[in-house]
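Readers should treat all values here as calculations from the given coordinates under stated rules, not as data from a laboratory. This structure is a prediction, so every number in the text was calculated from the model and none was measured. Cβ coordinates were reconstructed from backbone atoms using ideal geometry, including for glycine residues, and neighbour counts include every protein chain displayed.
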Amino acid sequence: MNKELKVNAIKDGTVIDHIAAHNLFKVISILGLDKISNPVTFGNNLESHKYGTKAIIKITDLFFQDDEINKISLVAPNAVLNIIRDYNVVEKKRVDIPDVVMGIVKCFNPKCITNNESVVTRFNLIDKENVALKCHYCEKITDEKQLYVF
Amino acid sequence: MINRSLVSISDFSKEEILKILDVAADFEANPNQKLLDGKVIASLFFEPSTRTRLSFETAIQRLGGRIIGFSDSSSSSASKGETLKDTIRMVSNYSDLIVMRHPLEGAARYASEESKVPLINAGDGANQHPTQTLLDLYSIYKTQGTLDNLNIFMVGDLKYGRTVHSLLIAMSHFNPTFNFISPESLKMPNEYKLFLDSKGIKYYEHLEFTDIVEAADILYMTRVQRERFSDHLEYEKVKNVHVLRNDMLANTKNNLRILHPLPRVNEIHTDVDDNPKAYYFQQAANGVFARMAIIATILGVKK
């Protein structure tokens with residue numbers, strides 16, 4: 001079986017691996033990769049031993065701060081970041097859901113002010129394992145089943 | 001507490017709650033104290049609520065403050081499509097304090113963040129109504145002489161009723177025992193039971209309204225709200241399940257008092273009204289003193 005990816009290796013930058021295939025475009029949008037000028041390569045629906053199919057993104061000359069990259073944790077909780085310097089992986093990082101989630105998740109409550117006026121959503125993480133987010137405004141809890149990422 | 005907004009009862013610590021209750025007692029003893037001379041208070045009611053609005057406006061008048069505002073959104077710019085943010089930014093330029101009621105949940109927290117002056121939440125949808133909680137606490141404190149170690153029974157709609165949820169959180173500072181009486185479909189939500197577990201507070205759940213109330217210090221009755229039911233049949237099934245009648249009070253404790261946030265429908269039979277243990281109308285009157293205390297404390301005019 002040919003395991004080689006059909007994308008080129010990068011010299012310096014970040015490779016984000018183990019993204020669930022159906023969430024690739026959400027990750028791209030959350031990280032704003034559709035708005036940058038760096039070379040970006042991505043592959044979708046690739047074979048994954050662990051998850052069936054996965055997506056991968058390679059970004060040349062771009063390195064993320066932890067709080068930036070943690071934004072994708074809600075849609076890609078298993079993502080692994082490979083930091084590449086001179087074609088070598090110098091560091092591997094896992095994503096972590098931040099304690100305060102701003103502007104990414106929609107509150108499930110239709111009567112919440114954030115769904116009726118242009119307000120940046122804000123949640124406090126109350127359960128990391130099962131992903132439960134308490135809305136800072138209406139105080140209702142959005143859980144994994146109701147989670148919708150903008 | 002000075003210059004801080006009151007959005008949710010959990011914004012106030014135990015000590016701050018007790019301070020408000022002390023100030024409320026002082027205002028009850030001497031209700032006309034012109035402490036708000038020269039202050040303008042905005043009363044913004046984006047949905048009508050006669051009792052809450054009149055209680056706030058009475059409190060402001062007794063303190064000698066002036067009121068601007070509206071009593072429902074059709075008479076405000078919201079009817080022209082103005083955003084809440086713009087209304088709040090504008091009004092906070094005119095006034096020293098905002099009292100706001102709004103039909104959307106979370107509106108109060110958002111408005112408090114946009115406002116330059118402190119804001120008191122007078123109810124945001126089904127979310128929070130902290131001044132109701134403070135007047136409930138004041139009523140309990142006044143009738144029992146303490147808030148500590150009381151046996152509190154909550155009856156009726158424990159699922160959707162925001163007053164019981166806020167009261168539960170506020171009382172958790174004072175080592176209560178809770179008894180919840182409700183139909184199966186209106187039981188206390190899990191998140192509140194988990195909260196009590198985390199605080200080591202005892203609670204018991206019952207489906208039947210029986211002589212267990214003989215152990216109660218406070219019987220907090222609530223209305224089953226028709227508007228919460230999408231299924232009319234389901235509402236008809238539960239609306240008359242737990243009705244308090246005078247004969248049920250025969251063997252209850254002498255210090256028992258019956259509270260209800262009002263309006264009542266038929267969950268308390270009118271034959272209870274003349275029983276000295278019925279306290280719901282005085283409870284509503286206490287709302288003025290509790291609100292005077294909250295306003296005066298936030299504006300820093302009462303030491």
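Please figure out what share of the DSSP beta bridges in the protein assembly as shown is antiparallel and state it in percent, rounded to the nearest 5. Working shown, then result.
Numbers: 36 of 70 bridges.
Bridges in the protein assembly as shown are about 50 percent antiparallel.
Once R0 is set to 45 Å, what does the formula 1/(1 + (r/R0)^6) return for the Cβ-Cβ distance between B:ARG89 and A:ARG94, expressed as a FRET efficiency to the nearest 0.05?
Details: r = 42 Å, r/R0 = 0.94.
Approximately 0.60, to the nearest 0.05.
Could you derive backbone 3J(HN,Hα) for the range B:140-151 from the dihedral phi with the Karplus parameters 6.51, -1.76 and 1.60 (θ = phi - 60°), listing whole Hz in sequence and x where the residue is Gly or Pro?
Once θ is set to phi - 60°, the couplings for the range B:140-151 become 5, 4, 5, 7, 9, x, 7, 10, 7, 6, 8, 9 Hz.
Once the piece of chain linking B:ILE68 and B:ASN240 is laid out straight, how much longer is it, given 0.36 nm per residue of separation minus the C-alpha distance between them? Walk me through the intermediate numbers first.
Working: separation 172, 0.36 × 172 = 61.92 nm, distance 4.11 nm.
Between B:ILE68 and B:ASN240, full extension yields an extra 57.8 nm.
Compute the Rg to Rh ratio over the range B:1-158 from the alpha carbon atoms, using the Kirkwood formula for Rh, and round to two decimal places. Each step should come with its number before you reach the end.
Values: Rg = 16.2 Å, Rh = 16.6 Å.
Expressed as Rg/Rh, it is 0.98.
With no solvent and one point per C-alpha, what does the Debye sum give as log10 I(q)/I(0) for the range B:130-284 at q = 0.09, 0.12 Å⁻¹?
-0.25, -0.46
Taking 0.36 nm per intervening residue step and subtracting the Cα-Cα distance, what contour gain separates A:ASP12 from A:GLU129 on full extension? Walk me through the numbers on the way to the answer.
On the way: separation 117, 0.36 × 117 = 42.12 nm, distance 3.32 nm.
Working it through step by step, the gained length comes to 38.8 nm.
Run through the range B:82-148 and list the trypsin sites (Lys or Arg not before Pro) located in a DSSP loop whose Cβ has at most 15 other Cβ atoms within 10 Å. Walk me through the numbers before you get to the answer.
Working: sites: B:LYS85, B:ARG89, B:ARG101, B:ARG109, B:LYS116, B:LYS142; in loops: B:LYS116.
Answer by residue number: B:LYS116.
Computed from the mean reciprocal separation of all distinct C-alpha pairs, what Kirkwood hydrodynamic radius does the range A:13-94 have, in Å? Each step should come with its number before you reach the end.
Numbers: mean 1/r = 0.0790 Å⁻¹.
Evaluated over the range A:13-94, this radius sits at 12.7 Å.
Have a look at the DSSP beta bridges in the range B:130-284 and tell me what percent are antiparallel, nearest 5.
Numbers: 0 of 18 bridges.
Taking every DSSP beta bridge with both residues in the range B:130-284, the antiparallel ones total about 0 percent.
Classify the protein assembly as shown as rounded, prolate or oblate, taking a ≥ b ≥ c as the square roots of the eigenvalues of its Cα gyration tensor: rounded when a/c is under 1.5, otherwise prolate if a/b is larger than b/c and oblate if not. Don't skip to the answer; put the middle values down first.
On the way: a/c = 2.64, a/b = 1.80, b/c = 1.47.
Note, shape of the protein assembly as shown comes out prolate.
Test of understanding: extend the Cα→C-beta vector of B:GLU15 to 7 Å, then name every residue of the range B:149-191 with backbone N under 19 Å from that spot.
The answer is B:170-175.
Against the longest principal axis of chain B, how steep is helix B:50-62, in degrees 0 to 90 to the nearest 10, with axes from Cα atoms?
Relative to chain B, helix B:50-62 is tipped by roughly 50 degrees.
What is the angle, in °, between the Cα long axis of helix B:84-94 and the longest principal axis of the Cα atoms in chain B? Nearest 10 is fine, range 0 to 90.
60 degrees
Can you compute log10 of I(q)/I(0) for the range B:36-128 with the Debye formula, treating each Cα as one identical point scatterer, at q = 0.25 Å⁻¹?
Once normalised to I(0) and log-transformed, intensities are -1.42.
Across 10 Å bins from the origin, how do the percents of Cα pairs in the range A:100-149 run, short distances first?
It works out to 30, 62, 8, 0, in whole percents.
Report the full-extension gain for the segment B:ILE2 to B:GLN33: residue separation times 0.36 nm, less the Cα-Cα distance, to one decimal in nm.
On the way: separation 31, 0.36 × 31 = 11.16 nm, distance 1.85 nm.
Result for the pair: 9.3 nm of gain on full extension.
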